Amino acid sequence: MDSQISETTRPHITAKVEIPEQRSKLHTEDLQVDKMVKSESGLETRNVHAWFDKHHALADISLHFPKNTVTGLIGPSGCGKSTFLRLLNRMHEFIPRAAMAGEVLFAGNDIYDPGVNPIDIRRRIGMVFQKPNPFPAMNIGENVVAGLKLSRVKTSNKDALIEDCLTRAGLWKEVKDRLGSAGGSLSGGQQQRLCIARALALNPEVLLLDEPCSALDPGSTLRVEETIVQLSASMTIVIVTHNMQQAARVSDYCAFFLSDGGPGQLVEADLTTNIFSNPSDTRTADYVQGRFG
Ligand SMILES: Nc1ncnc2c1ncn2[C@@H]1O[C@H](COP(=O)(O)OP(=O)(O)OP(=O)(O)O)[C@@H](O)[C@H]1O
Ligand SMILES: [Mg+2]
């Protein structure tokens, strides 16, 4: 099953390449080249499956995440959204007896090819988990830069990086006078934003967010959503959310997953406006209108 995202974006790539230099401005206005530029290949899955031991959790997911866009993954609990997200940066293989099939193409190469360094993949494709997981005994500042050492990334000015990442994660004002306090001393919502700051410190090309706002109050949620939209100017973002308003506010595309008792499957993927106003599958309409899930 090839998604409609692929269908709608691939022709744009060709169109972008073929526009002559001197005419590009005209085309920019007429044909929304902005969106076309955004449609360069970012991340793509082809016929991806996941298993936990004998349990087939996800079946045949083909999805395209155009570069510098936000895609919302939506669907009822247990349909495989978190599993799918973990497949996108090789976190899935940390789970004992977990297996996968299919391809995950990043910049044209399969991240599961032999010879690909998974540490490098996880640096370039960052992740914020459903449950905040700061290092509780490490202080706030150290938490932000904790990933640098693990990934062997160097920075010339750690303090500036800490401030920048905490600001972009919407946490700076609350913690700037207590950077030496333990990460574990923060509230749940603050810990989640700390984890977002930690992911940003590695300057990833793709950011995977698993319900990043589920523990946040409305004000913090708004700040994180603003951050997501700002980041998408230079980063490809995939966000799992149960909040339909959030999906509508932050995402360019949405993919609806569903399990009918068997493995989770992709029902449809499209521009977010279509998913909410004119979905092709009645199950999508029922879900986004809150009739189940
Ligand atoms: N570590 C694991 N071991 C065994 N089975 C798992 C594991 N993680 C997930 N599963 C199973 O895989 C399926 C998909 O789970 P997943 O966590 O991906 O769903 P989800 O869509 O993220 O749900 P939620 O919205 O509740 O977070 C479920 O049946 C779940 O029980
Ligand atoms: Mg989940």
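The values are calculated or read from the model by the stated rules, or taken from the named source; none is laboratory data. The structure displayed is predicted, hence computed values, not measured ones. As a convention, Cβ positions derive from the backbone with ideal geometry for all residues, glycine included, and neighbour counts pool all protein chains shown.
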Exercise for review: Would you list the helices (runs of 4 or more DSSP H) that sit entirely within the range 1-87 and hold 3 or more residues that are modelled with pLDDT of 50 or more and of a type outside the set (A, V, I, L, M, F, W, C)?
Suggested key: 81-87
Check your understanding: How many residues are within 16 Å of ligand 2 (Cβ to nearest atom) and farther than 24 Å from Asn243 by Cα if we restrict to the range 57-87?
Key -> 0
Review point. Is it fair to say Ala255 is at pLDDT 95 or above, in a helix (DSSP H, G or I) and not polar (S, T, N, Q)?
Key: no
Exercise for review: Considering only residues that are assigned to a loop (DSSP other than H, G, I, E, B) and in contact with a Pro (Cβ under 8 Å, 6 or more places away or on another chain), look in the range 195-240 and name the one that is farthest from ligand 2 (Cβ to nearest atom).
Suggested key: Met235
Review point. In the range 43-56, how many residues are surrounded by fewer than 22 Cβ atoms within 10 Å (Cβ to Cβ) and within 16 Å of ligand 2 (Cβ to nearest atom)?
Key: 2
Practice item. Among residues belonging to the range 253-273 that are under 29 Å from Pro204 (Cα atoms) and among the polar types (S, T, N, Q), point out the one that is nearest to the chain's Cα centre (by Cα). Key: Thr272
Practice item. Report yes if Val250 is within 13 Å of the chain's Cα centre (by Cα), within 22 Å of Phe106 (Cα to Cα) and not polar (S, T, N, Q), otherwise no. Key: no
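State all residues of the range 259-293 that are polar (S, T, N, Q) and surrounded by fewer than 17 Cβ atoms within 10 Å (Cβ to Cβ); if no residue qualifies, say none. Before you say what the answer is, go through the steps one by one.
First pass over the range 259-293, keeping only residues polar (S, T, N, Q): 259, 265, 272-274, 277-278, 280, 282, 284, 289.
Once the filter is applied, which keeps residues that are polar (S, T, N, Q) and surrounded by fewer than 17 Cβ atoms within 10 Å (Cβ to Cβ), the range 259-293 yields Thr273, Ser277, Asn278, Ser280, Thr282, Gln289.
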Exercise for review: Pull up the range 87-108, narrow it to residues that are without any contact (Cβ under 8 Å) to a residue 40 or more places away in the chain and within 19 Å of Ser151 (Cβ to Cβ), then point me to the one that is nearest to ligand 1 (Cβ to nearest atom).
Suggested key: Phe94
Check your understanding: Quick check: anything in the range 228-243 within 12 Å of Gly170 (Cα to Cα) and buried (at least 21 other Cβ atoms within 10 Å of the Cβ)?
Key -> yes
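So which residues in the range 88-110 are surrounded by 18 or more Cβ atoms within 10 Å (Cβ to Cβ), part of a loop (DSSP other than H, G, I, E, B) and within 16 Å of ligand 2 (Cβ to nearest atom)? Even if it seems obvious, please write down each step before you answer.
To start, the set of residues in the range 88-110 that are surrounded by 18 or more Cβ atoms within 10 Å (Cβ to Cβ) comprises 88-92, 98, 100, 102, 104, 106.
Right, trim to part of a loop (DSSP other than H, G, I, E, B) and you get 88-91.
Result: Leu88, Asn89, Met91.
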Practice item. Say whether the condition of being within 16 Å of ligand 1 (Cβ to nearest atom) and either among the small types (Gly, Ala, Ser) or free of Cβ contacts under 8 Å to residues at least 12 places away in the same chain (or both) is met by at least one residue in the range 216-227. Key: no
Check your understanding: Which residue pairs have Cβ atoms closer than 9 Å, lie 6 or more positions apart in sequence or on different chains, and pair a first residue in the range 124-151 that is among the hydroxyl-bearing types (Ser, Thr, Tyr) with a second residue that is crowded, with 17+ Cβ neighbours inside 10 Å?
Key -> Ser151/Arg122; Ser151/Arg123; Ser151/Leu202
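Would you confirm, using the coordinates I've provided, whether Asn133 is modelled with pLDDT of 95 or more, farther than 24 Å from Asn68 by Cβ and of a type in the set (S, T, N, Q)?
Numbers: modelled with pLDDT of 95 or more: no; farther than 24 Å from Asn68 by Cβ: yes; of a type in the set (S, T, N, Q): yes.
Spelling it out, it is not the case that Asn133 is modelled with pLDDT of 95 or more, farther than 24 Å from Asn68 by Cβ and of a type in the set (S, T, N, Q).
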